[in-house]
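Colleague: One structure follows; several queries about it will come next.
The values are calculated or read from the model by the stated rules, or taken from the named source; none is laboratory data. If you're wondering where the values come from, they're calculated on a predicted model, not measured in any experiment. With ideal geometry, Cβ positions are generated from the backbone for all residues, glycine too; neighbour counts draw on all protein chains shown. Quick note on the areas: whole protein, heavy atoms, side chains included, nothing else; ligands and nucleic acids left out. Shrake-Rupley method; radii C 1.70, N 1.55, O 1.52, S 1.80 Å.
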Amino acid sequence: MTTEAFFERIKTQYENHLPFVAYRKPHVSKVQGVFQKNADLFFTEDYSEKGFVFAPFDNAQKTVIMPFEASEVHTTLYESSEDLQTSKFIETKESTDKAFHINLVNQGVEAIKKSAFKKVVLSRKEEVKLSDTNPIKIFKNLLNRYKSAFVYCWFHPKVGLWLGATPETLIKIEGKRFSIMALAGTQNYTGDLNVTWEDKEIQEQQFVTDFILDHIKPLSESFNTSAVETVKAGNLVHLKTMISAQLKDDVPLSSIINTIHPTPAVCGLPKQEAKEFILDQENYNREFYTGFLGELNFETKIAPRSGRRNIENRAYALTRNSTQLYVNLRCMQLKKGAAMIYVGGGITQSSDAEKEWQETVLKSLVIKSVI
């Protein structure tokens, strides 16, 4: 489909109040779209379905799916440009937001000192009034600005309109091959990846890595952990570790997702105690922020390896189910002429509340730069 026709299809779908998602994976030019043929709201039962899923932070809530069997799928190639079409926006009540968030962080630190949990991720919602809430314009801005992120525009008339550019993969599974990203720690990018990390940020990232390893080992035949590296995401840098594994034959996808989500990178550790603190104290509903989204059980074709013995088999490609899910960070919800921007950070015993506030301000600039 031509680029013009693809974006016209998004416009028509949105105007007709029909569900759709348009998205681009990191470092590629192909943009894909899943366009649901009706306005029904579908939920996944056990992650055995095929389609595009959108899950909330609270794993006790249902995960929305746009099933392939009820949708059309189209793709196009989009060449990114440096042009951004932004509009004026007005921020609201920063002073009260700051006071509440600093108090919330201090509460979290006190709870950690009392051994309620080791780490908790605390967030806030910032409302920005917009002069133009055209989602296609903002989606194109995200595509142009964040080539190394998973960029998306998701809409369901019974749920809402969400956009984002997330740097974090939750899981990728192809057949029995599994990989997951442990991403934590944040600094402002100043033109150099050779940065110095404080003990708080190193510890925060290690918590995430250890949690994933502890929960993946029983499900895996073998696993491998990469060295920790500093990576850039927009105007920020983070610490990242990649963990890969070969899954056991009898492991259902639902058990992996339910074990991992929400990870310590977006919730805390231990998971249940941190989650209860978040739901009780944050004073707002995260909804799909720090949830996950992506392709569920897509069929992918894998060509056999070349070589003299495989000459006769080259025409026959293997078909495997592929699942690629991303954590819903650096995102916003468009609602009633405003953008709801969601930002947060990991809190440990050594966290400084003022610095944590500033980290959320830096993260909010990622999204504000495209609206």
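Colleague: Scanning for something assigned to a helix (DSSP H, G or I) and either of a type in the set (A, V, I, L, M, F, W, C) or buried (at least 19 other Cβ atoms within 10 Å of the Cβ) (or both), does region 74-90 turn up at least one residue? Break it down into steps so the answer makes sense when it comes.
Modeller: Going residue by residue through region 74-90, those that are assigned to a helix (DSSP H, G or I) are none.
Within region 74-90 (the criterion being assigned to a helix (DSSP H, G or I) and either of a type in the set (A, V, I, L, M, F, W, C) or buried (at least 19 other Cβ atoms within 10 Å of the Cβ) (or both)), the answer is no, since none of the residues qualifies.
Colleague: Please find, among GLN32, GLN36, the residue that is under 23 Å from the mean Cα position of the chain (by Cα), open to solvent by less than 70 Å² (accessible area, probe 1.4 Å) and either among the hydroxyl-bearing types (Ser, Thr, Tyr) or closer than 26 Å to ARG145 by Cβ (or both).
Modeller: Working: GLN36 fails: either among the hydroxyl-bearing types (Ser, Thr, Tyr) or closer than 26 Å to ARG145 by Cβ (or both).
From the options GLN32, GLN36, the qualifying one is GLN32.
Colleague: Additional query: Please determine whether any residue of region 253-261 is surrounded by 14 or more Cβ atoms within 10 Å (Cβ to Cβ) and not in a helix (DSSP H, G or I).
Modeller: Yes, because at least one residue in region 253-261 is surrounded by 14 or more Cβ atoms within 10 Å (Cβ to Cβ) and not in a helix (DSSP H, G or I).
Here is a yes/no grid of residues against (1) in contact with a helix residue (DSSP H, G or I) (Cβ under 6 Å, 6 or more places away or on another chain); (2) in a helix (DSSP H, G or I); (3) β-branched (Val, Ile, Thr):
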{"position": "GLN324", "(1), (2), (3)": "no, no, no"}
{"position": "GLN349", "(1), (2), (3)": "yes, no, no"}
{"position": "LYS355", "(1), (2), (3)": "no, yes, no"}
{"position": "THR360", "(1), (2), (3)": "no, yes, yes"}
{"position": "SER364", "(1), (2), (3)": "no, yes, no"}
{"position": "ILE367", "(1), (2), (3)": "no, yes, yes"}
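Colleague: Something else about it: The conditions are (1) at pLDDT below 95; (2) aliphatic (A, V, I, L, M); (3) crowded, with 18+ Cβ neighbours inside 10 Å, and MET1 fails exactly one of them. Which is it?
Modeller: (3)
Colleague: Could you pull out the residue among ASN38, ASN59, ASN16 that is under 30 Å from LYS271 (Cβ atoms) and either modelled with pLDDT of 95 or more or not hydroxyl-bearing (Ser, Thr, Tyr) (or both)? Talk me through it step by step, then tell me what you get.
Modeller: Values: ASN38 fails: under 30 Å from LYS271 (Cβ atoms); ASN16 fails: under 30 Å from LYS271 (Cβ atoms).
None of the others qualify; the one that does is ASN59.
Colleague: Could you list all residues from region 119-145 that are in a strand (DSSP E or B) and either open to solvent by 20 Å² or more (accessible area, probe 1.4 Å) or over 16 Å from ILE371 (Cβ atoms) (or both)?
Modeller: Within region 119-145, the first condition is being in a strand (DSSP E or B), and the residues that meet it are 119-130.
Result: LYS119, VAL120, VAL121, LEU122, SER123, ARG124, LYS125, GLU127, LYS129, LEU130.
Colleague: What are the pairs, 6+ residues apart or on separate chains, where a residue within region 138-159 that is farther than 15 Å from GLN333 by Cα has its Cβ under 6 Å from a residue that is surrounded by fewer than 24 Cβ atoms within 10 Å (Cβ to Cβ) and aromatic (Phe, Trp, Tyr)?
Modeller: Matching pairs, first to second residue: LEU143/TYR78.
Per-residue answers, yes or no, for (1) open to solvent by less than 30 Å² (accessible area, probe 1.4 Å); (2) touching a Gly at 6+ places or on another chain (Cβ under 7 Å); (3) modelled with pLDDT under 95:
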position: GLU276; (1), (2), (3): no, no, no
position: GLY291; (1), (2), (3): yes, no, no
position: THR300; (1), (2), (3): no, no, yes
position: LYS336; (1), (2), (3): no, no, yes
position: ILE341; (1), (2), (3): yes, no, no
position: GLY344; (1), (2), (3): yes, no, no
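Colleague: At least 3 residues that are buried (at least 17 other Cβ atoms within 10 Å of the Cβ) and of a type in the set (Phe, Trp, Tyr) in each: list the strands (runs of 3 or more DSSP E) lying fully within region 146-218 that qualify.
Modeller: Details: elements: 150-156, 160-166, 169-174, 177-188.
Output list reads 150-156.
Colleague: Six or more apart or on different chains, Cβ under 8 Å: which pairs go from a residue in region 331-350 that's more than 15 Å from ILE367 (Cα to Cα) to one that's among the charged types (D, E, K, R) and assigned to a strand (DSSP E or B)? Could you list them?
Modeller: That search, which allows pairs on different chains as well, returns GLY337/LYS129; GLY346/LYS119; ILE347/LYS119; THR348/LYS119.
Colleague: Mind checking which pairs have a first residue in region 201-225 that is without any contact (Cβ under 8 Å) to a residue 24 or more places away in the chain and a second that is open to solvent by less than 30 Å² (accessible area, probe 1.4 Å), Cβ under 6 Å, 6 or more apart or different chains?
Modeller: Hits for this filter: PHE223/ALA245; THR225/ILE243.
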